[in-house]
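Visitor: Take a look at the following structure, please.
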Amino acid sequence: MYIPEHFAETNIPRLHEFMRRNSFATLVTQHGGAPYASHLHVVLDEKAGAHGALIGHMPRKDALCQDFAGGAEVLAIFHGPHAYVSPAWYEPNPMAVPTWNYTAVHAYGKARILPNEELADVLHRQVDEAENSNSPPWKLNLTPAMRERALGALAGFEITLHRIEGKFKLSQNRTEQDRRNVIAHLSQSEHGREVADWMTEALDKQLERK
């Protein structure tokens, strides 16, 4: 994706944390000569290689399964908070235009379908991560019949990542006062509050470096 220097995030541990927090990803391949996408929950294994690996499962009938079985190159898109920014929130400037602040991470890797005997472990890992914030967390208990049904309907996969890029577009190209004005306006709405928090963190870090 197009990433101007002031919006680029290159810190791998920070990108990994973003991926964990926004783990419902859009997975994109080329299928039959055209782009194809599925939306799936993935678990990050940050210890696998230099950039980590993504683990998950999908229906065997999903065309993505065919692509993964052939070792397809995959783009995984992780979406974070986003919000509209009005030029009315800046200091008076006739050249100001509307924009959209957002956070996103793109991860690129090579896919493979996991052996059937690893599917149960994948399902347990995904459920355990998703249930981690619940008290008490629900535990997956696969009976032999459930395991047999899962093997017929689902396929586990792994995507070994070779590149990760992050774009955190948070008004870093604006003046400090403009950024504070945008933060103040976004903080007034539930939808914009998370973007305001990201903007505040980015601004504080930039000011610390001065």
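Visitor: Roughly how many Å² is the accessible area per residue of the range 14-120, as a whole number, for a 1.4 Å probe?
Guide: Each residue of the range 14-120 exposes 49 Å² on average to a 1.4 Å probe.
Visitor: Rounded to the nearest 500, what is the chain's calculated 222 nm mean residue ellipticity when only DSSP H runs of at least 4 contribute -39500 (n - 2.57) each, over all residues?
Guide: Calculated at 222 nm, the ellipticity per residue is -10500 deg cm²/dmol.
Visitor: Checking the a/c ratio against 1.5 first, then a/b against b/c, what shape does the Cα gyration tensor give for the range 96-141?
Guide: oblate
Visitor: With all protein chains present, how much of the accessible area of the range 28-93 (probe radius 1.4 Å) comes from carbon and sulfur, to the nearest whole percent?
Guide: For the range 28-93, the apolar C and S fraction of the accessible surface comes to 56 percent.
Visitor: Placing +1 at every Lys and Arg Cβ and -1 at every Asp and Glu Cβ, with all other atoms neutral, what dipole size does the range 1-47 have around its Cα centre, in debye to the nearest 20?
Guide: 140 debye
Visitor: Also, I was wondering about something else. MET95: net charge of surrounding residues, Cβ under 15 Å, Lys/Arg +1, Asp/Glu -1, itself excluded?
Guide: That sum, taken over residues with Cβ under 15 Å, equals -1.
Visitor: Among rounded, prolate and oblate, which fits the range 66-151 when a ≥ b ≥ c are the square roots of the eigenvalues of its C-alpha gyration tensor, a/c under 1.5 means rounded, and a/b larger than b/c means prolate?
Guide: It is oblate, given that a/c is not under 1.5 and a/b is not larger than b/c.
Visitor: Put +1 on the Cβ of each Lys and Arg and -1 on the Cβ of each Asp and Glu in the chain; which of THR26, LEU140, ILE12 then has its Cα farthest toward the positive end of the dipole?
Guide: Selected residue: THR26.
Visitor: Let me ask something else. Considering the options THR200, SER171, VAL182, tell which one lies farthest towards the positive end of the dipole of the range 161-210, charges being +1 on Lys and Arg and -1 on Asp and Glu at the Cβ, about the Cα centre.
Guide: SER171
Visitor: How large is log10 of I(q)/I(0) for the range 1-83 at q = 0.20 Å⁻¹ when the intensity is taken from the Debye formula with one equal scatterer per alpha-carbon?
Guide: Treating every Cα as an identical point scatterer, log10 I(q)/I(0) equals -1.04.
Visitor: What dipole magnitude, in Debye to the nearest 20, does the chain give about its Cα centre under +1 on Lys/Arg Cβ and -1 on Asp/Glu Cβ?
Guide: 160 debye
Visitor: Specify whether the C-alpha gyration tensor of the range 164-210 places it in the rounded, prolate or oblate class, a ≥ b ≥ c being the square roots of the eigenvalues: rounded for a/c under 1.5, otherwise prolate if a/b is larger than b/c and oblate if not.
Guide: oblate
Visitor: Please identify every one of the chymotrypsin sites (Phe, Trp or Tyr not before Pro) in the range 70-139 that sits in a loop by DSSP and has no more than 16 other beta carbons within 10 Å of its own beta carbon.
Guide: TRP138
Visitor: Return the lysines within reach of LYS139: Cα separation strictly under 26 angstrom, same-chain partners fewer than 8 residues apart disregarded; answer none if there are no such residues.
Guide: LYS47
The values are calculated or read from the model by the stated rules, or taken from the named source; none is laboratory data. Quick caveat, the model's predicted, so the values are computed rather than measured. Methodologically, a virtual Cβ is constructed for each residue, glycine included, from the backbone with ideal geometry; neighbour enumeration extends over all protein chains shown. To get the accessible areas, we keep the full protein, side chains included, count just its heavy atoms, and leave off ligands, DNA and RNA. Shrake-Rupley method; radii C 1.70, N 1.55, O 1.52, S 1.80 Å.
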